[in-house]
Amino acid sequence: MTTRYLPAFLLALLATFSMPPLHAAEPAAAARMGAYYGGKATEYPAWFKDSFLNVKEDIDEARKNGKRVILMFTQDGCPYCSALVERNLSQREIEATMRQKFDVIAVNIWGDREVVGLDGKSYTEKTYSAALKIQFTPSLMFFDETGKTVLRLNGYVPPARLQAALDWVGGRQENKIAFRDFVAAREVPEQASGAMIKQDFFLKNVTDLRRRGKAARPLAVFFEQKDCPDCEVLHRRVLADPETRDAIARFDNVQLDMWSRDLITTPEGKRMAVRDWVRELGVNYAPGIVLFDRTGKEAIRWESSFRVFHTLGMFDYVASGEYLKEPSFQRFLAAKTEHIREAGLDVNIWRYADEPIATPAP
């Protein structure tokens, strides 16, 4: 069975309403609830700090021990959180760096434990997560000794990129080199020779990204680079999904080389080189996708190793206008999942476009 989103759901309803009942007195059969695949429980390492969730006190205690604090925002059943633990934290160098240089504290974005923020105010885990605008799990916030956020990773990143973040923050490099340059020195060949992957939905020769007029469409800017294995995965295994392509078609889509010196006009009307705009936006990795609404205001950004469900959901979140009504992307996804499953259709939040909806039996 192929998973479809709301258009197919509405078509199914219309078809049902147009069919006359076979027997007026016969009760309707119970609708099949669609299956849910991809959720995974996560057991966090015992060496995570068992905190009272007073963030200032945690930062002060870490400082006395020569460490810094990482708040790791998680949720139950999150396969990306599981990947972080099983693929990243299981690597000896990553675990050693974390334990030596950081106190790591897990925060459940739907949890009810009390959190005292750096502003001295009391929150629950879920209201604190909302106040910090946590949209993806896992999200990692790195704090320095004064409580300043040095780095924020929104969503799952592969082991090499997490190690780079740990080395940059743990090594107190923030006043010496920008994080994106630190990552680039590790990842980008000095003479990148390949070509970026083209798509038929990318606009050609566009240098003015301003949104104008009542008929203006939302804008998706794909920041990529040459010789980029993660860009290859995005194009071949995520953007190949037909429903994702349909959602993308509702945007003006522009692909930019994040290291380019070519001049563009940003949605805010600034004239600058692409690489300078990337630095101003704080886009650290390729690929990165930043979605702007019809007024040119940033709505949400993708800078993680997402698969089809979350990528499609992000485009739909903006194109539908739901981001204006529901500030939590996670709540939007949860409601969308229920709508799909109530229509009798299956959902798999952990698949690539070339993988089946159903999870094979072990």
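The values are calculated or read from the model by the stated rules, or taken from the named source; none is laboratory data. Here the structure is a predicted model, which means the values were calculated and not measured. Virtual Cβ from ideal backbone geometry, glycine too; neighbours counted across all protein chains shown. With ligands, DNA and RNA removed, areas are computed over all heavy atoms of the protein, side chains included. Shrake-Rupley method; radii C 1.70, N 1.55, O 1.52, S 1.80 Å.
Among the residues making up region 213-235, those that are over 18 Å from the mean Cα position of the chain (by Cα), in contact (Cβ under 8 Å) with a residue 12 or more places away in the chain and more than 15 Å from Met314 (Cα to Cα) are Ala216, Arg217, Gln225, Lys226, Asp227, Cys228.
Cβ-Cβ distances below 7 Å connect the following pairs, each with a first residue in region 78-95 that is in contact (Cβ under 8 Å) with a residue 60 or more places away in the chain, a second residue that is part of a helix (DSSP H, G or I) and open to solvent by 10 Å² or more (accessible area, probe 1.4 Å), and a separation of six or more residues or different chains: Arg87/Pro159; Asn88/Pro159; Gln91/Pro159; Glu93/Gln163; Ile94/Pro159; Ile94/Gln163. Across region 263-281, a minimum of one residue is classified as open to solvent by 10 Å² or more (accessible area, probe 1.4 Å), in contact (Cβ under 8 Å) with a residue 60 or more places away in the chain and not β-branched (Val, Ile, Thr).
Please work out which residue is farthest from the chain's Cα centre (by Cα), limiting yourself to region 293-313 and to residues that are within 24 Å of Phe179 (Cα to Cα) and of a type in the set (Phe, Trp, Tyr).
Step by step, filter region 293-313, then rank; the result is Phe306.
Within region 253-262, the residues that satisfy the criterion of being in contact (Cβ under 8 Å) with a residue 24 or more places away in the chain and open to solvent by 30 Å² or more (accessible area, probe 1.4 Å) are Asp257, Trp259, Asp262.
The one condition from (1) open to solvent by 70 Å² or more (accessible area, probe 1.4 Å); (2) modelled with pLDDT of 50 or more; (3) β-branched (Val, Ile, Thr) that Thr16 does not meet is (2). Within region 144-175, the residues that satisfy the criterion of being among the basic types (Lys, Arg) and touching a Phe, Trp or Tyr at 6+ places or on another chain (Cβ under 9 Å) are Arg152, Arg161. How many residues are touching a strand residue (DSSP E or B) at 6+ places or on another chain (Cβ under 7 Å) and either over 21 Å from Gly288 (Cβ atoms) or of a type in the set (A, V, I, L, M) (or both) if we restrict to region 314-345? Total meeting the criteria: 5.
Conditions tested, residue by residue: (1) touching a residue at least 40 places away in the same chain (Cβ under 8 Å); (2) in contact with a His (Cβ under 7 Å, 6 or more places away or on another chain); (3) within 30 Å of Lys214 (Cα to Cα); (4) surrounded by fewer than 16 Cβ atoms within 10 Å (Cβ to Cβ).
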{"position": "Arg294", "(1), (2), (3), (4)": "yes, no, yes, no"}
{"position": "Lys297", "(1), (2), (3), (4)": "no, no, yes, yes"}
{"position": "Ile300", "(1), (2), (3), (4)": "yes, no, yes, no"}
{"position": "Ser304", "(1), (2), (3), (4)": "yes, no, no, no"}
{"position": "Tyr317", "(1), (2), (3), (4)": "no, no, yes, no"}
{"position": "Leu324", "(1), (2), (3), (4)": "no, no, yes, yes"}
{"position": "Ile340", "(1), (2), (3), (4)": "yes, no, no, no"}
{"position": "Leu345", "(1), (2), (3), (4)": "yes, no, no, no"}
{"position": "Pro356", "(1), (2), (3), (4)": "no, no, no, yes"}
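Inclusion of Thr311 among residues that are out of contact with any helix residue (DSSP H, G or I) (no Cβ under 6 Å at 6 or more places or on another chain), hydroxyl-bearing (Ser, Thr, Tyr), surrounded by 16 or more Cβ atoms within 10 Å (Cβ to Cβ) and assigned to a helix (DSSP H, G or I) is not warranted.
Can you tell me which of Lys133, Lys101 is at positive phi, charged (D, E, K, R) and either modelled with pLDDT under 95 or out of contact with any strand residue (DSSP E or B) (no Cβ under 6 Å at 6 or more places or on another chain) (or both)?
None of the other options fit; the residue is Lys133.
Residues in region 33-62 that are part of a helix (DSSP H, G or I) and not acidic (Asp, Glu): Val55, Lys56, Ile59, Ala62.
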